[in-house]
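Scroll down for the structure; my scribbles are underneath it.
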Amino acid sequence: MVGIGYRKDFSEEFLNSDILSPAFIEVAPENWLGVGGYWKKQFHQALERYPLFTHGLSLSIGSPDELDFQFLANVKAFLKETGAVLYSEHLSYAKCDNAHLYDLLPIPFTEDAVKHVAERIRKVQDFLEQKIAIEIVSYYTPVAPELTEINFINTILQEADCELLLDVNNVYVNAFNHRYHAKQFIEQLDLNRVRYIHMAGHEQVSDSLIIDTHGEAIIDPVYDLFEHTLELLGRDVPVLLERDFNIPEMEALQAEISRLSAIKENVLKRTAHAIA
Amino acid sequence: MQLLKQTRQYQSDLAGYCRTGILQHIPGIHTSNVVHYRKLVMNVVDDILQNAYPLTYDLLSETEWDSLVADFFSEHSCKSPQVWYMPKELMEYVIDTDHALLKQYPLLCNLLQFEWMETAMFMMQDIPVVHTRNGDLLFSKLVLNPEHRLMALDYPVHRKNPSAIKPEDQQPYYLAAHRDEEGQIIFTELSPALVRVIEHLQERAASIQELYQLIEQDFGIQLAEADHLAIIHFLQQAYREGLIKGFSPA
């Protein structure tokens, strides 16, 4: 199944035509919590047609600040009310010194941060009474690193006993920005924990830097990395197409969804044959 | 294991840089790339605020707007995890800090309040109310749309382009903002007497006859026939536009 990030920007066209046919939709609970009126009606129409996956923005799992349990209680109620299939968040921080930043900042790759973040993920999972999937974020600079990125991520996944949201584009972006091999990086991940995959486009702003914009179409090397990832996984995992800015025509989004579905279908067939 | 003080400090330094543009030494950081974090953060903040305050954005010069956004985000700690609430925090920041721009633009508070009201009303949770559409405006008890707010302003930011508003325009203005069935926000200018009509209907459903009596008590006057007609006219319009939701079921 391949889903789409449900955006207010294309909500009306999406709901009033059958051009775009995702298997599910994904939203950030923050953007819909406590919302009524026009948007609530639109959202409920979407919920009547599609299963919901959720992907949080503001939990700030890597923050030095205390976890916001009031916010988490609101998220929990939202997940229950909407029947959300899963809740995922970012391996980053978006709040510090009691101030929200509304963007995803990289956590220092340090041993104390591993323990701190893993403990917070466990607390969140206990509170929500479900496992959550944590996304590897794209980053443009390391911050006081002591560990390698792969060690940092794998240890957190293990200590938190959480699931992994593997954003294939983010791995591509990070491999480019930090000069490592994307396929090898994915091979070193604990792939048994992959619960969900994100795919998106990006923008290369210089010879040495890519910014993860979600504002462009997915490029061929990221499709290749996606295929490689699916081959390694050898099982069906839900995939999401993220497009947050510079939204194209619905036909263009559907073409990306179709391409992702086709790659997935082919890999799963090949894997099934190999097993048989 | 607690987060080490040093790790905490590095995180605070990076967050602080995104808010203020002042970069402390952080080991291992790529100084040429870290600028993108500030750009990304400030782009989100600026974009959200411009969308929430299009009239304010048009009123201020580019330098004034940029300075306001920079002051706000560096001096104020945004509390809400929901980014769409951030514009409310800008409005509160301007008022609470008595921001320097208020001297040049005395109407700025009103303009921010007016623009935020539209967003807040558009996004607010649904509020159900027991009512029926079967009734008679002249005789039935009227039920107010609970999805409304009253506002008092000193400048006519609801009527005129803010750049055309002059000091002599300063006087009390009263508005009702409500959300109609389609979710659109409608502002209605009110006289002081009509504000009281709405306030009475906030307390409980009432008929026009009851409202006449309440207004007479409030102002210690005897309403003339013209006043009755003005109130009826207002309530008819309020019913058509959804500020009056309907009638109290028998």
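Read-outs throughout are calculated quantities, based only on the coordinates presented, and are distinct from any laboratory measurement. Predicted model, so just to flag it, every value in this text is computed and none were measured. Here Cβ is always computed from backbone atoms with ideal geometry, including for glycine, and neighbour counts include all displayed protein chains.
Brief remarks follow.
- Extension gain (nm, one decimal) between A:ASN266 and A:GLU231, 0.36 nm per residue minus Cα-Cα: 11.6 nm
- Dipole magnitude for the range B:128-250: about 260 debye, using +1 per Lys or Arg Cβ and -1 per Asp or Glu Cβ, origin at the Cα centre.
- Reference-scaled alpha-carbon Rg (2.2 N^0.38 Å with N residues) for the protein assembly as shown: 1.13
- Longest to shortest principal axis, alpha-carbon extents of the range B:128-250, angstrom: 50, 38, 21
- The dipole here belongs to the protein assembly as shown: it is taken about the Cα centre, uses +1 on the Cβ of Lys and Arg and -1 on the Cβ of Asp and Glu, and is about 920 debye.
- Considering helices alone, the calculated mean residue ellipticity of the protein assembly as shown at 222 nm is -15000 deg cm²/dmol, with DSSP H runs of length four and up weighted by -39500 (n - 2.57) and normalised per residue.
- Model label points for A:LEU128 and A:GLU111, set 7 angstrom from Cα along the Cα-to-Cβ axis, are 2.9 nm apart.
- DSSP-defined beta bridges in chain A - what % are antiparallel, rounded to 5: 20
- At most 10 other Cβ within 10 Å, DSSP loop - GluC sites (Glu not before Pro), the range A:17-68: A:GLU66
- Relative contact order of chain A, taken over Cα pairs closer than 8 Å and 6 or more residues apart, is 18 percent.
- Under a 5 Å amide H cut-off, with hydrogens placed 1.01 Å from N, B:LYS245 pairs with B:VAL143, B:LEU144, B:ASN145 among residues at least 5 apart or on other chains.
- The convex hull of the Cα atoms of chain A, projected and averaged over all directions, covers 14.6 nm².
- Taking amide H atoms as placed 1.01 Å from N in the peptide plane, the amide H of A:HIS55 lies under 5 Å from those of A:VAL27, A:ALA28, A:SER88, each 5 or more residues away in sequence or on another chain.
- Rounded Å value of the spacing that divides the Cα centres of the range B:175-193 and the range B:81-144: 10
- Distance-filtered residues of the range A:232-269 - backbone nitrogen under 18 Å, label point 7 angstrom along B:ASP46 Cα→Cβ: A:245-246
- Taking θ as phi - 60° and the Karplus parameters 6.51, -1.76 and 1.60, the scalar couplings of the range B:180-188 work out to 8, 4, 7, x, 7, 9, 10, 9, 10 Hz in sequence order, x denoting glycine and proline.
- Close Lys-Lys pairs in chain B, where close means Cα under 28 Å and separation is 8 or more or interchain: 13
- Near the amide H of A:GLU135, within less than 5 Å, lie the amide hydrogens of A:GLU89, A:HIS90, A:LEU91, A:LEU165, all on another chain or at least 5 residues away, with H placed in the peptide plane.
- In plain terms, the chain from B:SER77 to B:GLU181 could stretch by 33.8 nm, reckoned as 0.36 nm per residue minus the Cα-Cα distance.
- 3J(HN,Hα) from dihedral phi, the range B:30-35, Karplus parametrisation 6.51/-1.76/1.60, rounded to Hz, x for glycine, proline: 8, 4, 6, 8, 5, 4
- Distance in nm between pseudo-label sites at A:SER21 and B:VAL35 (7 Å out along the Cβ direction from Cα): 4.8
- Length released on extending from B:ASP136 to B:THR97, taking residue separation times 0.36 nm less the Cα-Cα span: 9.1 nm
- The separation of the range A:1-57 from the range B:27-63, counted between C-alpha centres, amounts to 27 Å.
- 3J(HN,Hα) from dihedral phi, the range B:169-178, Karplus parametrisation 6.51/-1.76/1.60, rounded to Hz, x for glycine, proline: 6, 5, 5, x, 10, 10, 10, 10, 10, 9
- Placing R0 at 41 angstrom, the Cβ-Cβ distance between B:SER67 and A:ASP207 gives a FRET efficiency of 0.75 after rounding to 0.05.
- Backbone N within the range A:34-66 under 18 Å of label point (7 Å from A:MET1 Cα along the Cβ vector): A:44-56
- Here's the picture: charge each Lys and Arg Cβ at +1 and each Asp and Glu Cβ at -1 in chain B, and of B:MET86, B:ALA206, B:LEU4 the one pushed furthest to the positive end of that dipole is B:LEU4.
- A simple charge model with +1 on the Cβ of Lys and Arg, -1 on the Cβ of Asp and Glu and nothing else charged puts the dipole of chain A at about 700 debye relative to its Cα centre.
- Percentage of interatomic Cα-Cα distances in chain B larger than 23 Å: 62
- Contact order normalised by residue count of chain B, Cα under 8 Å, 6+ apart, percent: 18
- Cα-based Rg of the range B:1-105 normalised by 2.2 N^0.38 Å, two decimals: 1.21
- Taking B:ARG159, A:ARG179, A:ARG195 and counting other C-beta atoms within 10 Å, the order from fewest to most: A:ARG179, B:ARG159, A:ARG195
- Here each label is just a point 7 Å from Cα along the line to Cβ, and for A:GLU13 and B:GLN24 those points are 4.6 nm apart.
- Percent antiparallel among DSSP beta bridges (both partners in the protein assembly as shown, rounded to 5): 50
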